[in-house]
Amino acid sequence: MPPLPLAIAFAALLLACTEAEPPAPPPPKIPVVEVVQRDQPILLDMVGQTRGYSDIPIRARVQGVLLGMHFREGSRVQEGDPLYSIDPVEYETKVIEGEGHVAASRTRLAKAKADLARIRPLAEMNAVSQQDLDGAVAQYEAAIGSLQASVARKKQAEIELGYTEIAAPSDGRIGISEAQVGEFVGQMPNPVVLNFVSLTDPIRVRFSIDERRYLQIARRLREAENNEEPREALELILADGTLHEHRGHTIASDAAVDPATGTFTLEADFPNPGGIILAGQFARVRATVETKKDALLVPQRAISELQGIFRVYVVDDKGEVILRAVEVGAKIDRLQIVEKGLSAGERVALDAMRLRPGMIVEPVPTTLDESGALQAAAAGA
C-alpha cells in the first residue's frame, strides 16, 4: 500500500487531467426542409396598361360657343344622355335659308313642268320648233336637279343643327371636360375633342411581350387547341399587388412582332362589374406557359452560387452535411425549381452560411407555405 502522501498526489493529478478535457459540444441546430415535389405551373407576368372596352372621343362636329354641360365629370352616363350644347343660332339660320331655297326650287320646277306640258303638244303639231321642245325639257330636268340640290343643302343644315346637341354615344364613364361653358369650340386651336366616354366593363388590358415569351405562350395555346382544352384563363394583378377577382382571356393581338422594339402586343378582356379598375392604370397580366410534372422545389435561400455553379447543402440521415451541385430552373415566388442534383424527400439546409461539407449537425425540420415562406409557427420557433 503506497504511502498516504503519494496517494493524495496521484488523486490530484487524475482530477486535474479530468478537468482539462471538457465534454465535446453538441452539434449545432440547423433548420432544414424537405425537397418539395409537385406539379408546378410556370407563370409568366407581363406589364400592361388598362383601357376601356371602348374609349369613344366626344367631338365638337360644328364650331361655336359652348352653351351648356349637362353631366357631372367622372360620372356614369347612359347612351343618349345629353352632354353638351353648342350655340345653335347660326345653324338654325342655315336651316331656314335652306327651306327658302327648297321653296324657290319647287316653284321653278312647277313652272318648268307647266311650260313643258304646254310646249309638248304644240311640238307634236309642228306649231313650235323641236329646239323649243328640247329647251323646255332641259329647263324641266334642270329644275329637278336644282330641287334635289336644295333639299340636300337643307338636309345638311339640319344635320349641322343636330350636331349642336351632343349626346353620349354609349354607356360608360365620362371624364373631365376639355372645354368649359362660354368657350369657342370645334376649330383648332380651340378644343375639338371635348371629352371621352369609357366603357370599363369589361376592362381591356394591352400588354407587350418579347419574342421568347411570345413563343412560350403560342406553343401553350397551340397545345391547348390540339388537345381540345379550354382556353387558359389569364389573371390580373393590380398596382397594389392584389389579384383581380375575375379572370380574363386574350381577345386580340398584333399582326407581327414590332421590329423596332422586338415585342409583340396583345389585348385581353377582364370582367369589371364593380368598376373598380379604370382606364389608364398599370397592371400585370399573368399567364401559365406550361405545367412541369413532378417538379422538385427548394427555397431560394437554400441555394448559393459560386462562379455560375449553384449549390445546396444536403443533410443526410446521420446529420452529415453534404455539398451538392444542382441545376436550377424557374423561380416560383420564394421557391426555385431544381432540374438536376436532388431527389424528392431529401433535406436541404436553410442556414448555409454556417455550414461546411462533412460537419455533423442536428437538423430541425421546418415547414414552408405554398410560396416558400416560413410558416408562422416555425418562424416563431
**Item:** Criterion (farther than 12 Å from ARG301 by Cα, modelled with pLDDT of 90 or more and either surrounded by 12 or more Cβ atoms within 10 Å (Cβ to Cβ) or not aromatic (Phe, Trp, Tyr) (or both)) met by exactly one of VAL364, VAL338
**Value:** VAL338
**Message:** Yes or no: region 139-160 includes at least one residue that is outside any helix (DSSP H, G or I), among the hydroxyl-bearing types (Ser, Thr, Tyr) and surrounded by 15 or more Cβ atoms within 10 Å (Cβ to Cβ).
**Reply:** no
**Request:** Among the residues of region 301-310, count how many are assigned to a strand (DSSP E or B) and either of a type in the set (A, V, I, L, M, F, W, C) or farther than 19 Å from ILE332 by Cβ (or both).
**Result:** 3
**Asked** Of all residues in region 272-300, which are more than 12 Å from the chain's Cα centre (by Cα) and surrounded by fewer than 17 Cβ atoms within 10 Å (Cβ to Cβ)?
**Response** PRO273, GLY274, GLY275, ILE276, THR288, GLU290, THR291, LYS293, ASP294, GLN300
**Message:** I'd like the full set of residues that are in contact (Cβ under 8 Å) with a residue 60 or more places away in the chain and assigned to a helix (DSSP H, G or I), limited to region 161-171.
**Reply:** LEU161
**Asked** For region 84-135, which residues satisfy the criterion of being within 30 Å of GLU178 (Cα to Cα) and among the hydroxyl-bearing types (Ser, Thr, Tyr)?
**Response** TYR84, SER85, TYR91, THR93
**Message:** What's the total number of residues in region 276-321 that are in contact (Cβ under 8 Å) with a residue 40 or more places away in the chain and among the aromatic types (Phe, Trp, Tyr)?
**Reply:** 2
**Asked** Which one is surrounded by the fewest Cβ atoms within 10 Å (Cβ to Cβ), of the residues in region 69-82 that are under 29 Å from the mean Cα position of the chain (by Cα) and part of a strand (DSSP E or B)?
**Response** ARG76
**Request:** Filter region 112-136 for residues that are surrounded by 16 or more Cβ atoms within 10 Å (Cβ to Cβ) and not small (Gly, Ala, Ser) and give the result.
**Result:** ASP115, LEU116, ILE119, VAL128, LEU133
**Prompt:** Any chance region 204-223 includes a residue that's in a loop (DSSP other than H, G, I, E, B) and surrounded by 15 or more Cβ atoms within 10 Å (Cβ to Cβ)?
**Reply:** no
**Request:** Can you tell me which residue among VAL65, VAL36, VAL32 is under 26 Å from GLY182 (Cβ atoms), at pLDDT 85 or above and of a type in the set (Val, Ile, Thr)?
**Result:** VAL65
**Request:** Tell me which of these ILE176 doesn't satisfy, since it passes every other one: (1) outside any loop (DSSP other than H, G, I, E, B); (2) in contact with an Asp or Glu (Cβ under 8 Å, 6 or more places away or on another chain); (3) closer than 21 Å to ARG76 by Cβ.
**Result:** (1)
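The values are calculated or read from the model by the stated rules, or taken from the named source; none is laboratory data. In this text the structure is predicted, and so the values were computed from the model without any measurement. FYI the Cβ positions are ideal-geometry reconstructions off the backbone, even for glycines, and counts take in every protein chain you see.
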